[in-house]
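Everything below concerns the one structure shown next.
The values are calculated or read from the model by the stated rules, or taken from the named source; none is laboratory data. Predicted model only: the values in this text are computed from it and were never measured. Because the Cβ atoms are built from the backbone with ideal geometry, glycine has one as well, and the counts that use them run over all protein chains shown. Accessible surface areas use protein heavy atoms only, side chains included; no ligands, DNA or RNA. Shrake-Rupley method; radii C 1.70, N 1.55, O 1.52, S 1.80 Å.
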Amino acid sequence: MGIFPSDSDISLPSKDSGISLDSIRSPLHERSTEWRAMWISIGMQFVVGVQISVYYMSMWPYLSGLDKTADMDFLGWVVAACNIGCTISNPLYGLWNQKTMSCKWPTITGFLIAAVGQVMYGAISEVQQHGKWYMLAARVVTGLGVGNLAALRAYGATASTPKDRLKAISYGTAGYVFGISFGPAISAFFTPLGETGFNIWILKIDMYTTVAYLMALVCVLAAVLMLVFFQEDYAGIIDKNQDGDEKYQNYVVVPKYDLVPALICIYLYMIVSMIATNIEVMSTPLTTVLYDWKDSQAILYNGIIESVTCIVSVLINFGIGKSRIGKIDKRLQILFGLGVFVAFHLVNYPWWFYSGPLNFLPPGSNTTIVGGCLDTYTWCSSTTRVPMALYIFAFVFFFGIAFPFVESPAAALYSEVLGPRKQGMMQGLFSFGGSVTPFVASIIITFLFQHTGYKYVIILQSSTIFIAFVLMLVFYKRMVPLKLKPKNGESAAYKNGVFYSM
């Protein structure tokens, strides 16, 4: 996969150099992906997904029980807190990987920081005042840790050979999506412990704190696994500092990448991250008002729905990596996924022909006892109810199908657009985009939900999907992998100037 500069730039290798023309043209194709390390990195992406999403459905009842001054607006900030931490740390972990070519130590450091944040989250139940601020701080610390996703993504993109790249990235995405989807199901599993629970010495054990302490333990075990078993091997890049690559440096040139398709891939990841976060965070308060589910029911039922959705998404991600589906043009996969996202939003819009209006809570009740609208939700009196069967079907199939068909090919295409170079910093920016959007969006959508209902949440998200459609269609021909060998006689730019293929 190399490129020849013109004869005026460099001389061709001699017979005595030990370098064949075929090896210069395709040094990456001589290598093989180290799948043991790749599977460990995929497993670590699953752990990151779990750490981010595990409280999505249980956060609101935990928060409202801890601090009566907390409202839906503050919930938006708490949800955003983890993404604030990720937004800060993603580029830092990416830069760390870029400078040191290490995935192991950024990942280990991140998990240890995340473990501290999870212990803080569980210990909030012991404080008597200002619980909402402690929760906010705990989620920021956790986010500072799980920003190590940037290093794990960079490893998947640079440690896989060109023929394995889509498979590696699809499997990594599957691991992360599985974690994002499976996290809320873990909270649902512990609902039998109840909100009161019991005490073990100084620790309060209930349906909320047990999950937090379990997540801290998982982070520590993940760090140990990385330390003991993870051996890095960057088979997918050409680097003069990497053993065996020095002989190619005079003959192989990696041209500059096209920035526009790279930015579009980042935008695609931003919108799917935003939609995933919004849908999962809003599922508990939304089903509480739509179907009169009390808090524990909403957490349990949505956890079950999430688990089934997770199975659908993971199967599709593995299908993309393993079957002929992955051979379909990535641009067509992305457009299909965006179309399914549109179908999801159409079904969940409160159309006038759905039944309504929504029910308010009985006087003196709260959502720990019975479901319904708070008296401050004045929009409930004019809002219709999405049929439960449609809601479940759309959540499981439309959401479950759309997410992997946008994120996996967009992530793989992003890596291919960048080419066989160090990608730590750019993968950090990719993950940064996936963190900063949910951070902003969670604040906006919780505000919209509290004051105007979920109709405008649907409209906002649909608008971002429409923009993605436009960008994909306008720049369709440029959304292609980096061309490492231009046509004969044509020039291409690289970091030291311009070269020609002759």
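Kindly list, by first and then second residue, each pair from a residue in the range 199-217 that is touching a residue at least 40 places away in the same chain (Cβ under 8 Å) to a residue that is exposed (fewer than 12 other Cβ atoms within 10 Å of the Cβ) and outside any loop (DSSP other than H, G, I, E, B), limited to pairs with Cβ atoms under 8 Å and residues at least 6 apart or on different chains.
Pairs found: K204/F198; D206/F198; M207/P192.
For the range 242-261, indicate whether the set of residues that are open to solvent by less than 20 Å² (accessible area, probe 1.4 Å), under 23 Å from the mean Cα position of the chain (by Cα), modelled with pLDDT of 80 or more and closer than 19 Å to V48 by Cα is non-empty.
Checking the range 242-261: not a single residue is open to solvent by less than 20 Å² (accessible area, probe 1.4 Å), under 23 Å from the mean Cα position of the chain (by Cα), modelled with pLDDT of 80 or more and closer than 19 Å to V48 by Cα.
For a quick check of your reading of the model, give me the residue pairs whose first member lies in the range 405-433 and is over 19 Å from A276 (Cβ atoms), whose second is crowded, with 24+ Cβ neighbours inside 10 Å and among the polar types (S, T, N, Q), with beta-carbon atoms closer than 6 Å and at least 6 apart or on different chains.
Q423/T158; G424/N97; G428/N90
Looking at (1) open to solvent by 40 Å² or more (accessible area, probe 1.4 Å); (2) not charged (D, E, K, R); (3) not in a loop (DSSP other than H, G, I, E, B), which is the one condition that is false for G364?
The single condition G364 does not satisfy is (3).
Scan the range 189-215 residue by residue and report those that are at positive phi and of a type outside the set (F, W, Y).
G194, G197
Determine whether M388 is in contact with a Gly (Cβ under 8 Å, 6 or more places away or on another chain) and open to solvent by 60 Å² or more (accessible area, probe 1.4 Å).
No, not satisfied.
Consider the range 316-333. How many of its residues are modelled with pLDDT of 85 or more and in a helix (DSSP H, G or I)?
Total satisfying the criteria: 5.
Taking the criterion of being in a helix (DSSP H, G or I) and hydrophobic (A, V, I, L, M, F, W, C), would at least one residue in the range 347-360 satisfy it?
Kept after step one, since they are in a helix (DSSP H, G or I), are these residues of the range 347-360: 347-348.
Then keep just the ones that are hydrophobic (A, V, I, L, M, F, W, C); that gives 347.
Scanning the range 347-360 turns up at least one residue that is in a helix (DSSP H, G or I) and hydrophobic (A, V, I, L, M, F, W, C).
Within the range 132-148, can you find the residues that are open to solvent by less than 10 Å² (accessible area, probe 1.4 Å) and not polar (S, T, N, Q)?
Once the filter is applied, which keeps residues that are open to solvent by less than 10 Å² (accessible area, probe 1.4 Å) and not polar (S, T, N, Q), the range 132-148 yields M135, A138, R139, G143, G145, V146, G147.
Based on what the data block shows, is I459 farther than 19 Å from G339 by Cα and β-branched (V, I, T)?
no
Restricting to the range 265-309, what's the tally of residues that are touching a Phe, Trp or Tyr at 6+ places or on another chain (Cβ under 6 Å), open to solvent by 10 Å² or more (accessible area, probe 1.4 Å) and within 20 Å of I169 (Cα to Cα)?
Within the range 265-309, residues that are touching a Phe, Trp or Tyr at 6+ places or on another chain (Cβ under 6 Å), open to solvent by 10 Å² or more (accessible area, probe 1.4 Å) and within 20 Å of I169 (Cα to Cα) number 1.
From the residues in the range 35-75 that are charged (D, E, K, R) and out of contact with any Gly (no Cβ under 9 Å at 6 or more places or on another chain), which one is most open to solvent (accessible area, probe 1.4 Å)?
Let us first name the residues in the range 35-75 that are charged (D, E, K, R), namely 36, 67-68, 71, 73.
With out of contact with any Gly (no Cβ under 9 Å at 6 or more places or on another chain) added as a condition, the list becomes 36, 68, 71, 73.
Working: R36: 144, K68: 171, D71: 61, D73: 42 Å².
The residue in question is K68.
Could you check the range 377-456 for helices (runs of 4 or more DSSP H) lying wholly inside it with 1 or more residues that are modelled with pLDDT under 85, in contact with a His (Cβ under 8 Å, 6 or more places away or on another chain) and closer than 20 Å to N83 by Cβ?
Helices (runs of 4 or more DSSP H) meeting the threshold: none at all.
Yes or no, residue by residue, for (1) in contact with a His (Cβ under 7 Å, 6 or more places away or on another chain); (2) within 26 Å of Y377 (Cβ to Cβ); (3) among the hydroxyl-bearing types (S, T, Y):
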position	(1), (2), (3)
L290	no, yes, no
I304	no, yes, no
S307	no, no, yes
I311	no, no, no
L315	no, no, no
G319	no, no, no
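So which residues in the range 218-229 are more than 19 Å from G147 (Cα to Cα) and touching a residue at least 12 places away in the same chain (Cβ under 8 Å), if there are any at all?
F229
Return yes or no: is S381 under 31 Å from the mean Cα position of the chain (by Cα) and surrounded by fewer than 16 Cβ atoms within 10 Å (Cβ to Cβ)?
no
If I ask for residues that are modelled with pLDDT under 65, open to solvent by less than 30 Å² (accessible area, probe 1.4 Å) and either of a type outside the set (A, V, I, L, M, F, W, C) or closer than 16 Å to R331 by Cβ (or both), which ones from the range 463-496 would you list?
Once the filter is applied, which keeps residues that are modelled with pLDDT under 65, open to solvent by less than 30 Å² (accessible area, probe 1.4 Å) and either of a type outside the set (A, V, I, L, M, F, W, C) or closer than 16 Å to R331 by Cβ (or both), the range 463-496 yields only P486.
Return the pair list, or none, for Cβ contacts closer than 7 Å from residues in the range 350-373 that are without any contact (Cβ under 8 Å) to a residue 40 or more places away in the chain and under 23 Å from K455 (Cα atoms) to residues that are basic (K, R) and surrounded by 14 or more Cβ atoms within 10 Å (Cβ to Cβ), at least 6 apart or on different chains.
Short answer, once both residue conditions are applied: Y354/R385; S355/R385; G356/R385.
Taking the range 156-187 on its own, how many of its residues are more than 21 Å from the chain's Cα centre (by Cα) and within 23 Å of V79 (Cα to Cα)?
Selection size over the range 156-187: 0.
Please go through the range 101-131 and give me each residue that is open to solvent by 10 Å² or more (accessible area, probe 1.4 Å), in a helix (DSSP H, G or I) and more than 30 Å from R36 (Cβ to Cβ), ordered by number.
V119, M120, A123, S125, E126
Among the residues that make up the range 440-460, is at least one of them of a type in the set (S, T, N, Q), crowded, with 17+ Cβ neighbours inside 10 Å and closer than 30 Å to T161 by Cβ?
Scanning the range 440-460, I find no residue that is of a type in the set (S, T, N, Q), crowded, with 17+ Cβ neighbours inside 10 Å and closer than 30 Å to T161 by Cβ, so the answer is no.
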